[in-house]
Structures are given as structure tokens and as C-alpha cells.
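Notes follow once the structure below has been shown.
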Amino acid sequence: MHEKIVELLSQTEDYISGQELSTQLGVSRQAVWKAINTLKSQGYVFDSITRKGYKLVAYPEHLNTYAVKSHLNTNLIGKNLIVLDSVTSTNDYLKTLGAEGCESGTLVAAREQTKGKGRLGRVWQTKKDDGIAFSFLLRPDLAPNEITGITPLAGLAVCKAIRDYTGIDCKIKWPNDIITGHKKLVGILTELSAEFSAVEYTITGIGINVEHTQFPQEIAHKATSIFLETGKHIDRNDFLAVVIEYLERELLTNDLRLTEKALKEYTSLCATIGRNVSFFRNSQQLNGVAEKIDNNGELVVKLEDGTLHTVNSGEVTVQGIY
């Protein structure tokens, strides 16, 4: 009932009487009054006038569905939007929805992840409302080897959104982190479900450090947040809507592919290019200089012996970053 009240009041700028709300919801006016008070305790702000009813004045500061929707202007990503108080992993939650046939563009965000997923099986946890964690699902008409552009395009979109919204001089650490200086600000992970030559769906999970003031000791030297970098608290709901709009623009304009224009932009914002890097291949550590990103989003490294080596997965250590 609470969500329905917010939905009804968010659809109009006028007052809705308690009687009309009770009629539409099929409950008593007393039940409506109690629900309004509960919503007030959650951070919703209402104006109420006798014989006119209730008007929604402001949403809570914390991440919530209706506040994000009030800022959002997209055609696909986020049209079906779910914001949860807590979840183990937005990627895993969306996998369940994906298997049940949810529509392309469905997006799940959470105020808290208890078992957030990172690359190489890592677990990422943060305090409630410190970060913004969300995942979106797409159903592209592509083969598995044709979706390599999704992660770099997502990285490009998030990097540009943060730069424009916060003024932070952030860059992309290939393949899927956003950094500022030598510290991580954002992590991105794309997973897919495919059968033979067809992709059923892709899920891209994104975790943004927003309000963190400290990190666990083991990562404190290599992690930062928007608040630590700017000293300012941002409107999480407005910011998430902006990020989603940037994602839709980059992904759909480029048809999910790393086009020449997108590759040029990605390269200009990639902090990995020109740096000494190391990675393991067949249990052997290889060292070289990151030369470029190719059309498939792979990292081309010039090894110490002068040969070129293409890296498409795995952990890459970048000198001066982490």
C-alpha cells in the first residue's frame, strides 16, 4: 500500500484527498493516514490541507524508485526500474528476473549489497547508502563474440557522467574500472547468458563509491569516493538517473559496438595507455607497455622483446595505479 500511495501522489502535482486514496486502495481513511505517517518516517515529505488532501512535496534523500524516475528520461534502460533496500547482489537478483523473462532494459539498484560481485570472484560489500550499486539487463540480437563492446561502452558512459556531474578528473583503467589519480572509484562487471550462437541476455553490474569516508584496511590505499574527492554530498537519485541516461546514449548510439568514435573517446580517457603493465599468461608473468585498445576492446601490449600481445581477459597490473 505504501508504494501505491507514493505512486499515485507522484503522478500528479495536485492534492489527492484521503477519501480518494482510500477508495482507490480499497482501505480505510485511517489506514491511509497511518501509511502516510509511515512514509514520513522514511523520509517522504507531504503537504496536507483539510478537505484537499495530500500532496507529495519531496522524496527521501536515499536511493528510491520514484525519486530516480522523477529525474529519468530514457527510452529503454531503466524504464522498468526496481530499487531495493538490501540485496545480496544486483547481478544475481537480475539473473533471476532474466530467467523469468523480464524485459530488456530492466534495471535493479540497491541501497546495500551484502555480497556484491567483482571480477575474478571477488566480493564487494559497503555500508548502506555509502555507494550506488545497480545492474541492467539487455537482450541484444547478437552472438556471444559480438558483445565485447558492452563493458567498454559502459565504462565510457560512467566515466563521462561522473566527470560532467561532479567535475572529478576520472579516467578508465582497462578493462572495467573508473579511477581518479591512482584510486578506484567505480567497478563494472558484465555477465551473459547464451546458448550456442545466440545471447539470451547480458547483465552489466556497476558499483560507484559515493559517500564512503573510509574503506577496509586492505583496500584503503587504492579506493576513493565521490565525497572524498569533492567534499560534497550529491543527490543520489538525480545522479543515478544521469548515469543511466549516459549509459543508454553510449550503448544505443553505438549499437552496443565499440565504434571508431567511441574507441577514440575511450582511448582518450584510458589511464592504462602508455603505462608499463604486467599480466600472467600460462602461469608466466609478462611485462610491457600498453599500446592501444583494439576494435574488440582488447588491450594491445608491446612486450619487452618488442612483440605485440593482445590481452582480452584476466588481471592486469598497471604501474602507478594498482
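The values are calculated or read from the model by the stated rules, or taken from the named source; none is laboratory data. Remember, it's a predicted structure, so these values are computed and weren't measured experimentally. Using ideal geometry, Cβ is built from the backbone for each residue, glycine included, and neighbour counts are taken over all protein chains shown.
For region 275-297, how many residues are free of Cβ contacts under 8 Å to residues at least 24 places away in the same chain and either part of a strand (DSSP E or B) or under 28 Å from the mean Cα position of the chain (by Cα) (or both)?
Keep residues of region 275-297 that are free of Cβ contacts under 8 Å to residues at least 24 places away in the same chain, which gives 282-289, 291, 294.
When the remaining residues are screened for being either part of a strand (DSSP E or B) or under 28 Å from the mean Cα position of the chain (by Cα) (or both), the result is 284-289, 291, 294.
So the count comes out to 8.
Could you check residue 54 against (1) closer than 26 Å to residue 111 by Cα; (2) in contact with a helix residue (DSSP H, G or I) (Cβ under 7 Å, 6 or more places away or on another chain) and say which number it fails?
With respect to (1) closer than 26 Å to residue 111 by Cα; (2) in contact with a helix residue (DSSP H, G or I) (Cβ under 7 Å, 6 or more places away or on another chain), residue 54 is out only on (1).
How many residues does region 229-260 hold that are of a type in the set (Phe, Trp, Tyr) and assigned to a loop (DSSP other than H, G, I, E, B)? Full working, then the answer.
Pass one, region 229-260, residues of a type in the set (Phe, Trp, Tyr): 239, 246.
Next, only the ones that are assigned to a loop (DSSP other than H, G, I, E, B) stay: none.
Selection size over region 229-260: 0.
Quick check on region 18-39. Is at least one of its residues part of a helix (DSSP H, G or I) and closer than 29 Å to residue 137 by Cα? Spell out how you get there, then give the answer.
Residues of region 18-39 part of a helix (DSSP H, G or I): 18-25, 29-39.
Within this subset, residues satisfying the condition of being closer than 29 Å to residue 137 by Cα are none.
Taking every residue of region 18-39 in turn, none turns out to be part of a helix (DSSP H, G or I) and closer than 29 Å to residue 137 by Cα.
Among the small types (Gly, Ala, Ser), assigned to a loop (DSSP other than H, G, I, E, B) and buried (at least 17 other Cβ atoms within 10 Å of the Cβ) - does that describe any residue in region 64-80? So that I can check it myself, show each step before the final result.
From region 64-80, those among the small types (Gly, Ala, Ser) are 67, 70, 78; that's our starting set.
Now restrict to residues that are assigned to a loop (DSSP other than H, G, I, E, B): 78.
Imposing the further condition that a residue be buried (at least 17 other Cβ atoms within 10 Å of the Cβ) reduces the set to 78.
Scanning region 64-80 turns up at least one residue that is among the small types (Gly, Ala, Ser), assigned to a loop (DSSP other than H, G, I, E, B) and buried (at least 17 other Cβ atoms within 10 Å of the Cβ).
State all residues of region 195-228 that are in contact with an Asp or Glu (Cβ under 6 Å, 6 or more places away or on another chain) and either closer than 19 Å to residue 247 by Cβ or not charged (D, E, K, R) (or both); if no residue qualifies, say none.
Looking only at region 195-228, we keep the residues that are in contact with an Asp or Glu (Cβ under 6 Å, 6 or more places away or on another chain), and these are 203, 211-212, 227.
Across region 195-228, the qualifying residues are 203, 212, 227.
Please work out which one of (1) under 15 Å from residue 137 (Cα atoms); (2) among the polar types (S, T, N, Q); (3) free of Cβ contacts under 8 Å to residues at least 24 places away in the same chain; (4) in contact with a Ser or Thr (Cβ under 7 Å, 6 or more places away or on another chain) is the condition residue 80 fails and give its number.
Here residue 80 meets the rest and fails (3).
Report whether or not residue 158 is of a type in the set (Val, Ile, Thr) and at pLDDT 95 or above.
Numbers: of a type in the set (Val, Ile, Thr): yes; at pLDDT 95 or above: yes.
It is true that residue 158 is of a type in the set (Val, Ile, Thr) and at pLDDT 95 or above.
Quick one: which residue in 89, 104, 41, 70 is under 21 Å from residue 185 (Cβ atoms) and either assigned by TED's automatic domain parsing to the domain that holds residue 220 or of a type in the set (S, T, N, Q) (or both)? Break it down into steps so the answer makes sense when it comes.
Numbers: 104 fails: under 21 Å from residue 185 (Cβ atoms); 41 fails: under 21 Å from residue 185 (Cβ atoms); 70 fails: under 21 Å from residue 185 (Cβ atoms).
Only one candidate qualifies: 89.
From the list 40, 52, 79, which one is more than 31 Å from the chain's Cα centre (by Cα) and of a type in the set (D, E, K, R)? Before the answer, list the steps.
Numbers: 40 fails: more than 31 Å from the chain's Cα centre (by Cα); 79 fails: more than 31 Å from the chain's Cα centre (by Cα).
Sole residue among the options that is more than 31 Å from the chain's Cα centre (by Cα) and of a type in the set (D, E, K, R): 52.
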